[in-house]
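The values are calculated or read from the model by the stated rules, or taken from the named source; none is laboratory data. Treat the numbers as computed from the prediction; the structure is a model and nothing was measured. Note: ideal-geometry Cβ built from the backbone for every residue, glycine included; neighbour counts use all protein chains shown. SASA here: full protein model, heavy atoms, side chains in, ligands and nucleic acids out. Shrake-Rupley method; radii C 1.70, N 1.55, O 1.52, S 1.80 Å.
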Amino acid sequence: QPIYEFNDPTISQTPQALTVVSSLEVFNEEPIVGSAKIPTAKEIRNQAMMVYASQNRAVTSQDYEAIAYMMPGKFGAVKRVRAVRDQDSLKRNINLYVVSENSRGKLIQSNSALKENLKIHLGRYRMINDTVDVLDAKIVNIGMEFEVVASEEVNKYEVLDSCIIALRQAFSQTRFIGERLYITDVYTILNKVRGVIDTSKVALTSKRGPNYSSSTLNIDQFMSLDGRYLSVPDNVILEIKFPKIDIKGTVR
């Protein structure tokens with residue numbers, strides 16, 4: 001229902017005024033983003049625990065994350081949130097990194113309207129000495145390549161398909177901002193596939209191009225010395241954007 005006001009209130013119900021009201025049209029300068037799919041059982045459980053612990057006030061970083069997820073849907077929705085104390089600030093400043101998803105479930109940056117709504121929403125719960133900056137998390141698209149050794153009695157093509165399907169399922173859920181990626185988990189998943197004797201190699205690659213995010217991550221720089229996991233900065237979220245082509249493997 002539009003809210004309108006005439007300089008002369010006495011004409012508000014005249015045919016001319018009603019015609020003006022009925023012709024009202026509005027358009028958004030930015031596309032509406034911030035919709036989120038129905039959360040999984042794990043996401044609901046985690047968010048419920050965070051909200052319960054926050055007690056409707058933002059004191060810790062976890063409280064800020066919980067309250068961000070509580071924002072009414074009419075103001076938009078963020079898919080992932082990460083609250084980090086700004087160590088370079090002289091005040092109690094919180095950097096709140098956010099990311100949204102589009103209708104296809106792919107990660108996108110939250111638009112300015114959503115971030116402004118979120119900042120206003122948080123203002124009702126934050127401590128008086130806290131300041132909050134709502135910032136975009138960097139989306140880094142990655143690919144995954146592997147090599148496994150199969151039993152002699154099995155069909156190698158079937159083993160390869162099974163390995164790729166297993167990885168797609170394992171990495172189908174949206175990751176969290178700043179969440180490490182454990183290479184050891186990939187080895188475990190592949191070694192459990194029927195017909196696989198051993199996994200000989202797993203490698204991560206940065207995906208670049210017109211269909212991918214412009215943000216990148218130096219994988220060699222952030223890989224642990226023992227190669228067990230990939231560290232991720234607090235403002236970065238990893239995404240395998242096109243699992244059907246970004247996950248590749250060979251069988252020998």
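Things to note:
- Segment LYS248-ASP8, extension gain: residue separation times 0.36 nm, minus the distance between their alpha carbons: 79.5 nm
- Relative contact order, whole percent, for region 170-239 stands at 52, derived from Cα pairs under 8 Å and 6 or more residues apart.
- Pairs of lysine residues in region 136-252 - Cα separation under 24 Å, sequence separation of 8 or more or cross-chain: 16
- Heavy atoms of ARG252: accessible area, 1.4 Å probe, square angstrom to 10: 130 Å²
- Option label - volume of the Cα convex hull per residue in Å³ computed here, alternatives (1) 177; (2) 367; (3) 192: (3)
- Tail fraction, Cα-Cα pairs, region 59-118, threshold 19 Å, whole percent: 33 percent
- Overall shape: prolate for region 108-167, with the ratio a/c of the largest to smallest alpha carbon gyration tensor axis at 1.5 or above and a/b above b/c.
- Accessible surface of ARG92 - all protein chains present, 1.4 Å probe, nearest 10 Å²: 100 Å²
- Area accessible to solvent at GLU147, 1.4 Å probe radius, in Å²: 50 Å²
- Eligible aspartates and glutamates near LYS106 by straight Cα distance, threshold 13 Å, same-chain separation 8 or greater: GLU239
- Stretch gain in nm, segment ASN155-GLN221, where the contour uses 0.36 nm per residue and the Cα spacing is subtracted: 20.0 nm
- Summarising the strand pairing of region 111-239, around 70 percent of its internal DSSP beta bridges are antiparallel.
- Our summary gives the chain a relative contact order of 20 percent, counting only alpha carbon pairs under 8 angstrom and 6 or more residues apart.
- Solvent-accessible area assigned to carbon and sulfur over region 178-241 amounts to 44 percent, based on a 1.4 Å probe.
- Between ILE197 and LYS241, the simple spin-label model (points 7 angstrom out along Cα→Cβ) gives 3.9 nm.
- Packing rank of 132-141, 4-13, where each peptide gets the mean count of other beta carbons within 10 Å, highest leading: 132-141, 4-13
- Looking at region 149-234, the GluC sites (Glu not before Pro) that sit in a DSSP loop and have at most 11 other Cβ atoms within 10 Å of their own Cβ are GLU152, GLU153.
- Of the residues ARG228, ARG82, ranked by 1.4 Å probe accessible area with the largest first, the sequence reads ARG228, ARG82.
- Remark: the Cα gyration tensor places region 118-252 in the prolate category, a/c being 1.5 or greater and a/b exceeding b/c.
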